[in-house]
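Single-structure report; data block below.
What follows draws every value from the coordinates through simple rules; no lab data is involved. Note that the coordinates shown come from a computational prediction; the quantities given were computed from them, not determined experimentally. Please note: Cβ atoms are built from the backbone with ideal geometry, for glycine as well, and neighbour counts cover all protein chains shown.
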Amino acid sequence: MKVVFELLALFRQKAGTGRLELELPAAPTVLAALRAAEGALGGQALLQGERLREGVLVFLREPRGATRRVFQPAEERVESGQALVLSTAMAGG
């Protein structure tokens, strides 16, 4: 299954592109998809064990555009037509 990653903020800047596509087994967990993305992004750390690193934001985008945040990557799956959106938290106030 082709998993599409939309890269925002620092991820886009470091990768030099706003989109990454990886071929993964059918319906991978978000965790498995993020591990594959770490390798494709030159070892950029997205995870600490099975949790998201501090400052990393991950969202699942549905084919019709609805987006929801992922908090537990080991417990959610990427389904056909969904995209993973990677961003970084913004500091400030």
Highest to lowest packing among 55-61, 82-88, scored as the average C-beta count within 10 Å: 82-88, 55-61
Projected-area average for the chain over all orientations - Cα convex hull basis, square nanometres: 6.0 nm²
Label-to-label distance, nm, for residues given as residue 9 and residue 61 (7 Å Cα→Cβ offset): 1.6 nm
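Any idea what the relative contact order of the chain is, in percent, if you count C-alpha pairs under 8 Å spaced at least 6 apart? Provide the component values of the computation, followed by the final result.
Numbers: 160 pairs, mean separation 34.1, N = 93.
For the chain, the relative contact order is 37 percent.
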Built amide H within the under 5 Å cut-off of residue 70, gap 5+: 58, 59, 60
Per-residue ³J(HN,Hα) for segment 44-58, Karplus 6.51 cos²θ - 1.76 cosθ + 1.60, θ = phi - 60°, Hz, x for Gly and Pro: 4, 6, 9, 10, 10, x, 9, 10, 5, 5, 4, x, 8, 10, 10
Inter-label distance, nm, simple model (7 Å from Cα along the C-beta direction), residue 53/residue 19: 2.6 nm
Gyration tensor (alpha-carbon) shape descriptor, segment 49-93, a/c threshold 1.5: oblate
Fraction of beta bridges assigned by DSSP in the chain that are antiparallel (%, nearest 5): 80 percent
